[in-house]
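What follows is calculated from the coordinates using simple rules that are stated; it is not laboratory data. The structure displayed is predicted, hence computed values, not measured ones. Positions of Cβ are generated from backbone atoms using ideal geometry, with glycine treated the same way; all protein chains shown enter the neighbour counts.
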Amino acid sequence: MPIPPEVTGEEIDPDVRQELMSLPKGLADDVARNLVMVAQLIDEDPEKAYGYSRVALRLASRVAAVREAAGFAAYANQKYSEALAEFRAARRMSGGVDLWPVMADCERGLGRPERALAMAGEPEVQKLDKAGQVEMRLVAAGARRDMGQLEAAIVTLQSPELASNATHPWTARLRYAYADALLAAEREQEAREWFAKALEADKDGATDASDRLAELDGVEFVDAFDEDEDEDGDGVLAADERDDERDVADEDDDVTDEDIVDEDDRR
């Protein structure tokens with residue numbers, strides 16, 4: 001797959017670059033450039049990102065960072081079985097636990113929420129950093145909802161992290177998930193409060209909390225472009241109708257000499 005010349009591979013994370021040093025220099029550079037493309041495209045064009053991840057995987061399947069990138073690219077394309085296999089491979093190679101929450105979410109994607117819940121209770125969760133533990137809580141709550149256990153999902157999300165007034169990268173998503181669960185439980189007023197809190201913490205627009213708030217408040221958004229088109233269409237129609245009326249009037253006023261002669265003859 002083509003890679004823009006301005007992508008050199010130097011943009012790669014230093015830790016990943018360190019892993020790639022086990023490869024020959026030229027090969028390491030090729031892998032790095034493909035990994036950069038995965039990172040750049042995974043949100044806006046996940047299918048293309050997946051293609052670059054497969055190239056990197058063919059070049060260096062024994063590098064943990066490559067298997068992890070391939071996992072995330074597959075995950076972004078809802079290829080959960082493939083993603084889970086890649087994440088497991090990366091975890092075996094690195095020995096880390098950082099991928100535990102996304103592995104559990106893959107189980108949800110495969111229709112196995114009970115396995116995701118079981119993973120939420122494993123010792124690996126205690127080894128996660130705070131962000132990882134919050135992510136695991138989100139996955140566990142999602143699994144509860146998958147199983148129809150809405151109240152249990154709400155309780156799962158209730159935590160010191162949710163109650164904290166501090167803002168962290170995961171704060172908006174945690175508050176949003178809680179608001180969404182409350183709304184599903186028909187606790188609308190509480191849901192509105194937490195959507196507002198999610199919006200307050202969402203500096204990067206990671207959620208659609210503002211839209212959800214607007215829906216609860218009964219605000220309807222009108223596409224200004226479509227409205228203008230409708231107005232223009234009505235204007236054209238009205239103008240056409242006026243032209244037709246003028247044509248009829250002109251016909252009425254268009255009295256010829258023959259008409260006058262005929263009238264005289266009748267007299």
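General remarks:
- Summing charges over all other residues whose Cβ lies under 13 Å from the Cβ of GLY71, with Lys and Arg as +1 and Asp and Glu as -1, gives +1.
- Region 35-81 and region 95-157: distance between their alpha carbon centers, rounded to Å: 23 Å
- Cα gyration tensor of region 1-143 - equivalent ellipsoid semi-axes, whole Å, descending: 28, 16, 12
- Kirkwood Rh and Cα Rg combined as Rg over Rh, evaluated for region 18-61: 1.01
- Chain lengthening between ASP13 and GLN189 when straightened (0.36 nm per residue, less Cα-Cα): 59.0 nm
- Computed E for ARG115/GLU6 - FRET, C-beta separation, R0 51 angstrom, nearest 0.05: 0.75
- Binning all Cα-Cα separations of region 61-140 at 5 Å, short to long from zero, yields these whole-percent fractions: 3, 19, 26, 26, 20, 6, 1.
- Rounded to 0.05, the FRET efficiency of the ARG58 and ALA131 pair, given R0 = 22 Å and the Cβ-Cβ distance, is 0.10.
- Cross-link pairs beyond the 31 Å C-alpha cut-off, checked among LYS48/LYS197; LYS25/LYS48; LYS25/LYS203; LYS48/LYS127; LYS25/LYS127; LYS48/LYS203: LYS48/LYS197; LYS25/LYS203; LYS48/LYS127; LYS25/LYS127
- Within region 86-218, all pairs of alpha-carbon atoms sorted by distance into 10 Å bins from zero give the percentages 13, 39, 34, 12, 2, 0.
- Extending 7 Å from the Cα toward the beta-carbon at both MET147 and ARG88 defines two label points whose distance is 2.1 nm.
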